[in-house]
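Q: Handing you a structure now.
The values are calculated or read from the model by the stated rules, or taken from the named source; none is laboratory data. This is a predicted model, so every value here is computed, not measured. Quick reminder, even Gly has a Cβ in these numbers, built from the backbone with ideal geometry, and neighbours come from all protein chains shown.
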C-alpha cells in the first residue's frame, strides 16, 4: 500500500495545469450506456475512479477501444448485461449512475448498493423513488437494487426532498429515453450536472433548465454516441489554490474555470490572500499570513463540501478562530483528528468544527480516510515543520491525477513509496 513522505516548509512556486474533472467524466461514462456505438471522450483524467468505471462498463458488454493520453474511446454497441456486481461497485459511489441508463436501455438492472469514501450514508432512496415515479419496479435484495421496466419508462414530475447531484444525474439520464416529459424539481445545479445535460443534448436528448433547480427532459427514442471534452476539475483547482496559500507560495493555475471556484476565491480574498483571475487561469499569492474565515458547505452555488477539508487545513494556521459548518455530509470531519495530531486546535460539535489557528504544524504519521481528507493532510504536511508520512493514499488516487508529481514541479518535497 503506497504512502506519501512529505518534508514540509517549501514555498510552492510555478505553474500547474488542472486535469479533467473526475465528477464530470464519471456521469458521462455512465451516459454512454444510453447509446449504441463508438463514444469518444477527451480530457479524461487517469484516476482510479475512471478505471473502475471502465471496468464496470466492460463487464456490462462495452468495449474499450483505446485510452491514449487523455482521450478515451469506448464502444457500447454490445452492452447486454444488466448487473453491476459488488466487487466493482463497492469502491466507488458514482457506480450507482449506471442504474438509470440500464433501466432505460435494457428494461432491467441489478446494481449493488454503492461504496466509496466513508463520509456518510448517502442513501439511494432519492434514486429509487424517482425511478419508481418513471414507472420502474424496484426492490432491495441482499445488498442489490433490482429493477425492471419491461414496458419502458414514462415521464413524470419528480421532486427531490434534498438536493442530490447523483440523483439528478441518474434520473436525467433515464428520462432521456422515456415516453413523454419529465420535470425534475429541486434539481442539483452543479457544473457537472449542467455539463452532463449539455453532452446529452449534443447526442440528441432534449433537456432544458440545466443550471437551475427545475430541469425538463423530453423523452426521445434513441441517442447518438457521445463526443465531448471534459472540463477542468474545479476541486483539483481549489486544492492547488489552497496549496499555494498554505505554503505562502506563488502559483499560477492553468486550464481551469475561475467561475467554478468563485466561492473559494471569495473566501481566500476574505482571508487576506491575493487571488488574480484570468479567462482560463488563476494566480494565488500567499503572503505568509492570513486571517480566519467561516464557511458553511452548501449545494452549488454555495461553498462546495469537496473543499471543506482542504480549507480546514488552511485555517489551522490562520490568525484567529474559524467556524466550519458541514451541511452536506454527516461524517466529513474525520480529517480533524489527523490534523490535531499535527498540533492543530480543532473542537468538533456535531456538524460544526471550531478551528483556532496555531503558529505552526508539526510533521506526523497520518492516515487518510477519504478522498478529500487525504488532500487536506497533504496540504497540512506541505506547511508543517518536519516530516509527515501519509498512509492509504489510494484514496487520493481516486480523484487526483499524479498530485505528487505536480507538487514536485512546484517545489514541494514529496515522494511516493510502496
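Q: Filter the stretch 244-259 down to residues that are farther than 21 Å from residue 289 by Cα and surrounded by fewer than 23 Cβ atoms within 10 Å (Cβ to Cβ) and give me whichever is farthest from the chain's Cα centre (by Cα).
A: The selected residue is 254.
Q: What are the pairs, 6+ residues apart or on separate chains, where a residue within the stretch 340-360 that is not assigned by TED's automatic domain parsing to the domain that holds residue 314 and assigned to a strand (DSSP E or B) has its Cβ under 8 Å from a residue that is modelled with pLDDT of 95 or more and surrounded by 15 or more Cβ atoms within 10 Å (Cβ to Cβ)?
A: none
Q: Take the residues in the stretch 63-76 that are touching a strand residue (DSSP E or B) at 6+ places or on another chain (Cβ under 8 Å) and not in a strand (DSSP E or B); name whichever of them is surrounded by the fewest Cβ atoms within 10 Å (Cβ to Cβ).
A: Here the residue is 70.
Q: Could you check residue 295 against (1) surrounded by 15 or more Cβ atoms within 10 Å (Cβ to Cβ); (2) touching a strand residue (DSSP E or B) at 6+ places or on another chain (Cβ under 8 Å); (3) within 26 Å of residue 388 (Cβ to Cβ); (4) touching a residue at least 40 places away in the same chain (Cβ under 8 Å) and say which number it fails?
A: (4)
Q: Another question, then. Just wondering, is there one or more residues in the stretch 46-61 that are more than 25 Å from residue 396 (Cα to Cα), in contact (Cβ under 8 Å) with a residue 60 or more places away in the chain and not assigned by TED's automatic domain parsing to the domain that holds residue 370?
A: Taking every residue of the stretch 46-61 in turn, none turns out to be more than 25 Å from residue 396 (Cα to Cα), in contact (Cβ under 8 Å) with a residue 60 or more places away in the chain and not assigned by TED's automatic domain parsing to the domain that holds residue 370.
Q: Another one. Of everything in the stretch 318-332, what is surrounded by 24 or more Cβ atoms within 10 Å (Cβ to Cβ) and over 16 Å from the mean Cα position of the chain (by Cα)? Give them in sequence order.
A: Within the stretch 318-332, just 324 meets the criteria.
Q: Of the residues in the stretch 157-167, how many are over 16 Å from residue 298 (Cα atoms) and crowded, with 20+ Cβ neighbours inside 10 Å?
A: 2
Q: Then there is this: Give the residue, chosen from 287, 327, that is at pLDDT below 95, touching a strand residue (DSSP E or B) at 6+ places or on another chain (Cβ under 8 Å) and within 23 Å of residue 249 (Cα to Cα).
A: Going through 287, 327 in turn, just one is at pLDDT below 95, touching a strand residue (DSSP E or B) at 6+ places or on another chain (Cβ under 8 Å) and within 23 Å of residue 249 (Cα to Cα): 287.
Q: Yes or no: residue 312 crowded, with 19+ Cβ neighbours inside 10 Å, closer than 22 Å to residue 233 by Cα, in contact with a helix residue (DSSP H, G or I) (Cβ under 9 Å, 6 or more places away or on another chain) and assigned by TED's automatic domain parsing to the domain that holds residue 240?
A: It is true that residue 312 is crowded, with 19+ Cβ neighbours inside 10 Å, closer than 22 Å to residue 233 by Cα, in contact with a helix residue (DSSP H, G or I) (Cβ under 9 Å, 6 or more places away or on another chain) and assigned by TED's automatic domain parsing to the domain that holds residue 240.
Q: Here is a list: 223, 184, 202, 171. Which entry is at pLDDT 95 or above and surrounded by fewer than 15 Cβ atoms within 10 Å (Cβ to Cβ)?
A: Answer to the selection: 202.
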